[in-house]
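These notes are about the structure you will find just below.
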């Protein structure tokens, strides 16, 4: 097997396996919290949903990508390609939207109290679930065209203005649709990222101001400060990989035919956030970390008792 193919395959395999494991652990930790405490705080609900969106990305998109890199062909037929591409695009859109939602929610939470903000803060927990439902509906509608353009690979020359994903093709049929689709998706993404950066910048400004006050956020609200720093770091992480992803995407829009290697690079970079974010959530969220440690400590005596009985 070619060395380049081996490196690509192993990279996707590690990213997919470790990423699925991390997001699954986050999901199970929050499931344990719901089981024992019967509720989740709004921020925890958002983080749990973010892990679900990232799990969708890794399972729907990266698993077939890994299999394709290792040489497996004819994985999906036309309906299968349509569902995989559609599911991936919805999952990716949910990931960026929920990260933005997390940033805006945290900015409002730590904002100085005021007449309008007090009412807004009190209503935030009630709008979390409706916001999730709205984001699902909106992104499922926006990415409906993916069902029209996705096809299984053919045993013939790949036409121009087609994205070759290895296991599936996205045939946009002409240059106008090719560019229009890229502009719509990139425009939506850049708008959400801009809102994300504004809210994160506001969080940093508040933390800076309050750090110099006697009754600042750090002393009076250490949990909120820690949560705010977690949110800002997640935003920075997303924006970094988003930038790399879109540089490659803009390059792809300028090419009539795109190499599968370039498409693989874009998929890998765009999936790095889904791969890394759960481990940052685990390391920075004391509640999630405590659940994992608790489960591990419960399993350890059980395994020791089994060994002693033998």
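Odds and ends about this structure:
- Only a single criterion out of (1) more than 19 Å from residue 235 (Cβ to Cβ); (2) touching a residue at least 12 places away in the same chain (Cβ under 8 Å); (3) in contact with a helix residue (DSSP H, G or I) (Cβ under 9 Å, 6 or more places away or on another chain) is not satisfied by residue 183, namely (2).
- Helices (runs of 4 or more DSSP H) completely within region 14-126 that count 2 or more residues being farther than 26 Å from residue 143 by Cα: 42-57, 78-110
- Scan of region 62-87 for residues that are within 30 Å of residue 106 (Cβ to Cβ) and modelled with pLDDT under 90, ordered by number: 62
- Flag if residue 124 is at pLDDT below 85 and more than 20 Å from residue 273 (Cβ to Cβ): yes
- Residue within region 172-191 that is modelled with pLDDT of 80 or more and surrounded by 15 or more Cβ atoms within 10 Å (Cβ to Cβ) present: yes
- Residue within region 41-61 that is at pLDDT below 90, farther than 29 Å from residue 192 by Cβ and surrounded by 14 or more Cβ atoms within 10 Å (Cβ to Cβ) present: no
- Meets criteria (within 18 Å of residue 193 (Cβ to Cβ) and in a helix (DSSP H, G or I)) for residue 137: no
- Leading residue by the ranking (surrounded by the fewest Cβ atoms within 10 Å (Cβ to Cβ)) among those in region 111-146 that are farther than 19 Å from residue 96 by Cβ and touching a residue at least 12 places away in the same chain (Cβ under 8 Å): 112
The values are calculated or read from the model by the stated rules, or taken from the named source; none is laboratory data. Here the structure is a predicted model, which means the values were calculated and not measured. For neighbour counting, all protein chains shown are included, and Cβ atoms are generated from backbone atoms with ideal geometry for every residue, glycine included.
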